Amino acid sequence: MHRTCAACGRSLPQSSYTANQYSKPPGVSRCATCVHGHRGDPVSAGQSNSGRYNNSSRGSIPISALENPFAQGAFRWVAKGNYTSGSREGQACVVKWFKTGAVFSDDYFTLDIKAVDKALELVNRFNDLNIIDKVVKINVPEVWCFTDDSSDDWAGQKHLCEPFIQNYQKFNSNTGWNDDSRAWGEVMQALSHFSYHITGGNYVLCDLQGGIYQHELVLSDPVILSRTREYGVTDLGPDGISSFFSQHACNDFCRPNWTQPANPVQRFRPVPGTTMIRRTVPTGYSRPGQTRFFG
C-alpha cells in the first residue's frame, strides 16, 4: 500500500517509512529520507529508498552471452547484456533465467520478487539506524520477457533483469557460513542479526552478496529465512534460522540489545553456496538456443 509523504509529496510504499512514521495518519507521516536526510540516487515515485532499479524497459544481449552464461547457480543461469532505453541506456544489466524442471515454475518469479520486497523493508530500517556512514541497497529485479522478434525458442520466455554489479563478492549464506574478515562482512552479519531482532525472531535476511561502491553497498539475490517457510526453496525455515545463529558471533556493528535465539543449533552444514530444500524432483536442465532482445 502506498502513501504520500507529507514532506516531499512522493507516493511511496510502506517500506519507505519507519514504523513510527507509518503509524501516523496520512497527510502527517514523512518518509525515511525526509526524516533522516539520507542522500543517494534520486528515488522515483513508488520506489524504495534502498532499491536500485532498472529504470529501463528494454535491453539487448549478445547471442554468445546466452549460449555461454558467465555464471550459474543451482537453479538458474546468469548472462550479461545492456539496457537500450531509459536513464540506464548503455549501462550493463544481468539477465537471470531458471533452468527448466518440475521444481521451477512461475511461482519462483513471484517468490523472488517477494523476498526482495521484504529485504527492502528490512534494509530501509537498518539504514535508518545510521550504523555506518554509507547505505546498503538492493538490486530490484523485474520480470521481463524476450520479445516476439526473438528466436522461436526464446520468444515470450520470462526472465529476471536487474543492474549489473561490479566486484561481486559473497558475505554470508543461508546456512550460517560467513566471511567477516573485513568490515563490510561484519556489517552484513549485523544486518542479518538486526533483521531477526526487528521482526521479533520471525525472519532472517541472509545469503548477502553484492558489490562495494564508493557510497554504498549493493546486494542481489537475498534470501529470507522465515518461521513459516513462505519464501520458497531457499527459505530453510526455523532450522535455517537456528543454523545461521549457531555460526554468528556479534561484532562491533551489532547492538547489545538485539535479540537472538537462546540455544541455536547447527541444522545445516555451513557452506558458501545457497542451499535449497527441494519439494519435488527436477527434470533435466535445458537452455534455448539464442536471442537478442528483451523487455
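Restricting to the range 211-237, name every residue that is of a type outside the set (A, V, I, L, M, F, W, C), in a strand (DSSP E or B) and out of contact with any helix residue (DSSP H, G or I) (no Cβ under 9 Å at 6 or more places or on another chain).
Within the range 211-237, GLY211, GLU216 qualify.
Select from the range 201-210 the residues that are within 22 Å of GLY73 (Cα to Cα) and not in a loop (DSSP other than H, G, I, E, B) and write down the one among them that is most open to solvent (accessible area, probe 1.4 Å).
GLN209
The values are calculated or read from the model by the stated rules, or taken from the named source; none is laboratory data. Since the structure is predicted, the reported quantities are computational estimates derived from the model, not experimental observations. Positions of Cβ are backbone-derived with ideal geometry, glycine not excepted, and every protein chain shown enters the neighbour counts. Note: areas computed on protein heavy atoms with side chains; ligands, DNA, RNA excluded. Shrake-Rupley method; radii C 1.70, N 1.55, O 1.52, S 1.80 Å.
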